[in-house]
Amino acid sequence: MASLMENFSNKEIDLSSLPNYEEVNFNPISAQYLKKVLVESGIFLVIVLIVVALLFYYQIETYYIYSGIVFFVLFFGFKLWNSIKMQDEYGYAIRERDVLYRRGYLISRTTVVPFNRIQHATISRGVLDKFFGIATLNIFTAGGSGGDIQIPGLEPELAVRLKESLAKKIAEDES
């Protein structure tokens, strides 16, 4: 046991030598994704308006109805503003050894996933995704939650190319 400790070293890394992810040129997602988010919000707004109409019809106290309307107007106003601002903040990049994904406006997050942590990748397309001609690339990592990435708003052909490229990189790392 003593001989193991004699060979152990844990030297400090020079932080200035680490690569800086902020210098990476991120690829934007499709503008069609914003349209999809706005349509989803519009559908939810219609459902809320139907509920409000039913509340008026059944003559629920107007104080609660008007309070709810004010809440939902503020909520949807923020959601629209946030969706528009976030569109420019979505971005992804694939480097030699990892995948980066950036999102967020008020709270910005960048996830960096090395290829050797990636288990597999899938492509998903819902009804609205097909309508707007976009897809989502889902990248699953080893070791549980927190490292998985979902890159929305990609053109389907690009999503397939990225998935195949990731599969090739994963296979190269395993051999």
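Structure data summary
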quantity	calculated
Every pair of residues 6+ apart whose Cβ atoms lie under 8 Å, when the first sits in segment 140-164 and is on the phi > 0 side of the Ramachandran plot while the second is modelled with pLDDT under 90	Gly143/Arg117
Odd one out for Thr110 among (1) farther than 29 Å from Glu155 by Cβ; (2) among the β-branched types (Val, Ile, Thr); (3) under 14 Å from the mean Cα position of the chain (by Cα)	(1)
Selection count where residues are part of a helix (DSSP H, G or I), of a type outside the set (A, V, I, L, M) and under 19 Å from Lys85 (Cα atoms), scope segment 24-71	7
Criterion: more than 28 Å from Ile170 (Cβ to Cβ) and either of a type in the set (S, T, N, Q) or in a helix (DSSP H, G or I) (or both) - qualifying residue of Leu106, Leu74	Leu74
Which listed residue, of Glu12, Glu40, is outside the structural domain of Lys79 (by TED's automatic domain parsing) and either out of contact with any Pro (no Cβ under 7 Å at 6 or more places or on another chain) or basic (Lys, Arg) (or both)	Glu12
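Quick grid of which residues meet (1) in contact with a Gly (Cβ under 7 Å, 6 or more places away or on another chain); (2) closer than 14 Å to Tyr33 by Cα; (3) surrounded by 13 or more Cβ atoms within 10 Å (Cβ to Cβ):
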position	(1), (2), (3)
Ser108	no, no, no
Val113	yes, no, yes
Arg117	yes, no, yes
Arg125	no, yes, yes
Leu137	no, yes, yes
Ile151	no, yes, yes
Glu157	no, no, no
Val160	no, no, yes
Lys163	no, no, yes
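The values are calculated or read from the model by the stated rules, or taken from the named source; none is laboratory data. Everything quoted here is computed from the prediction, not taken from an experiment. We place every Cβ from the backbone using ideal geometry, glycine too, and count neighbours over all the protein chains shown.
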